[in-house]
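**Q** A single structure is presented below for examination.
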Amino acid sequence: MSKIELKIALSVERGSPHPVGATADNDGVNFSLFSGNATGVELLLFHTHDDVEPFRIVRLDPYVNKTFHFWHLYVRGLRPGTHYAYRVDGPSDPTAGHRFNRNKVLIDPYARGNTNALWKRADACGPQDNLKTSMRSVVIHSGSYNWEGDRPLNRPMEDTIIYEIHVRGFTRSPSSGVRHPGTFSGIIEKIPYLQSLGITAVELLPVFDFDESDVLRVVDGTPLRNFWGYSTLGFFAPQSAYCIAPEAGGHLDEFRDMVKALHKAGIEVILDVVFNHTDEGNHLGPLFSFKGIDNRTYYLTERDQRFYANYTGCGNTLNCNHHIVGKLILDSLRYWVRETHVDGFRFDEGSILARGEDGDPLKHPPVVWQIELDEELSDSKLIAEAWDAAGLYQIGHFPGDRWAEWNGRYRDDIRRFVKGDPGLVGALASRLAGSADLYEDDGELPINSINFITCHDGFTLNDLVSYDAKHNESNGENNQDGINDNLSWNCGIEGETSDPAIELLRERQVKNFATILLLSRGVPMILGGDEIRRTQRGNNNAYCQDNEISWWDWSLADKNRHIFRFWKQMIEFRKNHPALRSRYFFKGSINERGLPDVSWHGCKLNSPGWADPYSRVLAMTLGGFNGEADIHVMMNMYWEAIGFEVPLLEDRLWFRAVDTAALSPHEILGPGRESLFTDRICKVEGRSIVVLISK
């Protein structure tokens, strides 16, 4: 249909207040926008993503096109692929929390896609009209995709192994060899790699639309931008830059293609979502959506309402427990499950969801319980980063029952132990056993604990064993950004080295971390690339590094294939032994050979040395039930070899399956290749772990 034919064919009708957003059907598009304080709304329609002028402007009549606080209309004859935006008028009174400005062109909070071909962020900050440099939303019809029978996989939480990656960073490097680097399509091409490793779920850093064009600062002539994506523009729109052809409105189908392909490979998709703040920043930030639509509804403000409450450290805080914002959050989550079949969500700074409209923590925050109890989300995995930037720390007591939590206590205790800090055997045992000290009293389970050593925020595992201090100079903040206390150890030399002894020690430490993580009850999460020793050159806050610091160097997959093999076989080991994946805490049950479900030891059996302030060793025996293997683990983080007593079995023999001090390929032996062990004392080398299984 030509532009002239389209202009003639369109007719405007009253429309419906629900559903919110732009909803296409066979005859046209219904538009609905919430604003409780607006006095006027205009809808701007554009033929293409880069049209400067709209081909039609529709002024909504509050006596016809408004129902309570929803502004709505139906445009008969309009088709998907049309681009649109709003102007919203109302009081401009920051002291009362109102920031309406009809000079600003606004994207739809419920948009299924946005484009930014003309976008200039600076023009959205001042008082001037920014029509010629604004973002545009795009009408996307969601009903015609061929799912080929796909649905969310609904894998039990206890069987889940999470793998955290960044969509762009994963394949952006030319070394990835993919056809469309840095996109959802690029992930599809790397599915055989993910299958080979054996992980069961990918957790994607934010894929909701965010502004990659924002230049944070320039360092040595290089502009630094928001790479991680923790500044959301739209909660229903896949990130345009991760699509091959966003200008054609293909956002949704490109994302669906990736989900469907991962599901065919048996891999779930978990989205890292940011409902704690938006990219509109503080009182000096740009106005492109929520601020201009209804600032006082969407954001928490200080007593002086010119300024935003900043519990997130990002300039503003969403008013999550306001009924309208809570509706947006629920609508967004349901949308991603219904329309894209994702399997779960990880909530960045999740404790913000527990803050009320006055900013104080709530005992029973409505939005948290609505998410937990929602029928459409009942099978979705829910994971909270149970803290925020203002000091609310809820690990072990995040509201809700089935919410899992990033267990920061696990990360810190395991890092300290493997580094060689003494007196941690009690804490280590708690973490290995599913962190009952954090979860059991509240009736929760080991599956409430997401166990991790590293994540996107901090050192990679290679850097954790290669650097004593952060090296963030390239971020342009005088190395003041990023956490200072990393609980890391460089193994004797700071940074890269060709010293073979140091390299062997670092490899052993990587294997120690991998072994403990995959032997622990709870849900393991691996930072993508740790299995091939990906490095960020000591940068522990690479949020602005859209370059080789953050991009995967895929040559490491070949260089460190022996490390990959170790991770792969440890993942397989976990899958083969149900005792490691139980959803319940240890109960003291006794198996048919008289072994309890868990017993703790030091160098001597049944003498774990809980009160020994100098101990750096711990052993545990897991009794197998229903014919399963028993598992005996001996961990020595002292720097010299130590002999450990081994339990005597009456009707079985011990076989060595793992010895992190051995050279590859002998450090881990797969099923049927384990070596017989008949001694009463097992020598465990310094800074190493030995795992025996019974047969």
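**Q** Kindly list the residues of the range 449-466 that lie in the label zone of Thr497, defined by a backbone N under 12 Å from the point 7 Å along the Cα-to-C-beta vector.
**A** Backbone N within reach: 465-466.
**Q** Ok, one more. Provide the net charge surrounding Leu527, with neighbours chosen by a C-beta distance below 12 Å and charges set as Lys +1, Arg +1, Asp -1, Glu -1. Let's see the in-between values first.
**A** Values: positive: Arg411, Arg533, Arg534; negative: Glu164, Glu203, Asp457, Asp463, Asp530, Glu531.
Net of charged neighbours comes to -3.
**Q** Go through the range 310-321 residue by residue and turn each phi into a ³J(HN,Hα) via Karplus (6.51, -1.76, 1.60, θ = phi - 60°); whole Hz please, and just put x for glycine and proline.
**A** Residue by residue, the range 310-321 yields 10, 6, 9, x, 10, x, 8, 9, 5, 7, 4, 9 Hz.
**Q** Next question. Counting other beta carbons within 10 Å of each residue's own, what order do Tyr467, Tyr145 fall into, fewest first?
**A** Details: Tyr467 26, Tyr145 16.
Ordered from fewest to most neighbouring Cβ atoms within 10 Å, Tyr467, Tyr145 come out as Tyr145, Tyr467.
**Q** Roughly speaking, what is the centre-to-centre gap between the range 320-342 and the range 31-62 when only Cα atoms are used, to the nearest Å?
**A** The range 320-342 and the range 31-62 have Cα centres separated by 23 Å.
**Q** To continue, here is another question. Taking each pair of distinct Cα atoms in the range 463-574 once, what is the resulting Kirkwood hydrodynamic radius in Å? Could the numbers behind the result be given before it?
**A** Details: mean 1/r = 0.0663 Å⁻¹.
Evaluated on the range 463-574, it is 15.1 Å.
**Q** Relative contact order of the range 191-259, please, whole-number percent, based on alpha carbon pairs below 8 angstrom and at least 6 residues apart. Don't skip to the end; give the middle numbers.
**A** Numbers: 73 pairs, mean separation 18.3, N = 69.
With pairs under 8 Å counted, the relative contact order is 27 percent.
**Q** In addition: Nearest 500 deg cm²/dmol is fine: what mean residue ellipticity at 222 nm does the chain get from its DSSP H runs of n ≥ 4 alone, each adding -39,500 (n - 2.57), divided by its residue count? Please report the intermediate quantities before stating the final value.
**A** Working: 15 runs with 142 residues, N = 695.
Taken over the chain, the calculation gives -6000 deg cm²/dmol.
**Q** Another question, if that's okay. Which number do you get for Rg(Cα) / (2.2 N^0.38 Å) in the range 3-138? Walk me through the intermediate numbers first.
**A** Working: Rg = 14.5 Å, N = 136, 2.2 N^0.38 = 14.2 Å.
The reported ratio for this selection is 1.02.
**Q** Next up: Mind checking the full-extension length gain between Gln195 and Arg338? Use 0.36 nm per residue of separation minus the Cα-Cα distance, one decimal, nm.
**A** 48.9 nm
**Q** How far apart, in nanometres, would the label points at His180 and Asp51 be if each is projected 7 angstrom from Cα along the Cα-to-Cβ direction?
**A** Rounded to a tenth, the inter-label distance reads 2.5 nm.
**Q** Report the antiparallel proportion of the DSSP beta bridges in the chain as a percent, rounded to a multiple of 5. The partial results should precede the final answer.
**A** Working: 74 of 100 bridges.
DSSP beta bridges in the chain are roughly 75 percent antiparallel.
**Q** Among His141, His364, which comes first, then next, by fewest other beta-carbon atoms within 10 Å? Don't skip to the end; give the middle numbers.
**A** Values: His141 18, His364 9.
Exposure proxy ranking, most exposed first: His364, His141.
**Q** Something else about it: Each residue of the range 500-517 in order: what ³J(HN,Hα) in whole Hz does its phi give by Karplus 6.51 cos²θ - 1.76 cosθ + 1.60, θ = phi - 60°, with x for Gly and Pro?
**A** Result, rounded to whole Hz: x, 5, 5, 5, 5, 5, 5, 4, 5, 5, 4, 5, 4, 4, 4, 5, 4, 4.
**Q** Could you tell me the number of lysine pairs in the range 3-138 with C-alpha atoms less than 22 Å from each other, where the two lysines are 8 or more residues apart or belong to different chains? Write down the numbers at each step before the final one.
**A** On the way: Lys3/Lys132; Lys7/Lys132; Lys66/Lys104; Lys104/Lys120; Lys104/Lys132; Lys120/Lys132.
Counting lysine pairs in the range 3-138 gives 6.
**Q** Can you give the alpha-carbon Rg of the range 588-694 over 2.2 N^0.38 Å, where N counts its residues?
**A** So the Cα radius of gyration is 1.05 times the expected 2.2 N^0.38 Å.
**Q** Looking at the chain, which longest stretch skips every one of the GluC sites (Glu not before Pro) that is in a DSSP loop with at most 14 other Cβ atoms within 10 Å, leaving the sites themselves out? Write out the running numbers ahead of the final one.
**A** Working: sites that count: Glu148, Glu302, Glu357, Glu494, Glu496, Glu548, Glu592, Glu640, Glu650.
Excluding the exposed sites themselves, the longest stretch runs over 149-301.
**Q** Between Gly234 and residues 5 or more places away or on another chain, which pairs have amide H atoms under 5 Å apart, with H built 1.01 Å from N, and which residues are they?
**A** Asp209
**Q** Under a cut-off of 17 Å between alpha-carbon atoms, report the lysines in cross-link reach of Lys327, not counting same-chain residues fewer than 8 places apart.
**A** The qualifying lysines are none; the list is empty.
**Q** For the chain, compute Rh as the Kirkwood radius over C-alpha pairs and then the Stokes-Einstein diffusion coefficient at 25 °C and 0.890 mPa s; write the answer in µm²/s, rounded to an integer. Mind showing how you got there, number by number?
**A** Working: Rh = 26.9 Å.
After rounding, the answer is 91 µm²/s.
**Q** For the range 525-535, just list the computed ³J(HN,Hα) in residue order, Karplus coefficients 6.51, -1.76 and 1.60, θ = phi - 60°, integers in Hz, with x standing in for Gly and Pro.
**A** After applying 6.51 cos²θ - 1.76 cosθ + 1.60, I find 10, 10, 6, x, x, 4, 6, 10, 6, 4, 10 Hz.
**Q** For Glu268, list long-range residues whose amide hydrogen, built 1.01 Å from N in the peptide plane, is under 5 Å from its own amide hydrogen.
**A** Residues meeting the amide H criterion: Ala201, Val202.
**Q** Under 5 Å between amide hydrogens, which residues at least 5 positions from Lys381 or on another chain qualify, with H placed 1.01 Å from N in the peptide plane?
**A** For Lys381, whose amide H was placed from the backbone, the distant partners under 5 Å are Gly344, Phe345.
**Q** What distance in nm lies between label points placed 7 Å from Cα along the C-beta direction at Thr678 and Lys559?
**A** Modelled inter-label distance: 4.4 nm.
**Q** Taking other Cβ within 10 Å of each residue's Cβ, how do Thr312, Thr535 sort, fewest first?
**A** The most exposed by this proxy come first: Thr535, Thr312.
**Q** Also, I was wondering about something else. Just to confirm a number: summing +1 for Lys and Arg and -1 for Asp and Glu over residues other than Asp597 whose beta-carbon lies under 13 angstrom from that of Asp597, what do you get?
**A** Details: positive: Arg521, Lys587, Arg593; negative: Glu592, Glu628, Asp630.
Net charge in that neighbourhood comes out at 0.
**Q** Anything over 27 Å Cα to Cα? Flag those among Lys260/Lys291; Lys511/Lys575; Lys363/Lys419; Lys575/Lys695, in the order listed.
**A** Working: Lys260/Lys291 36 Å; Lys511/Lys575 18 Å; Lys363/Lys419 38 Å; Lys575/Lys695 17 Å.
The pairs that break the limit, which is 27 Å between Cα atoms, are Lys260/Lys291; Lys363/Lys419.
FYI, it's all coordinate maths here, none of it is from the lab. What you see is a predicted model; the values in this text were computed from it and never measured. Every residue, glycine as well, gets a Cβ built from its backbone with ideal geometry; the counts of neighbours run over all protein chains shown.
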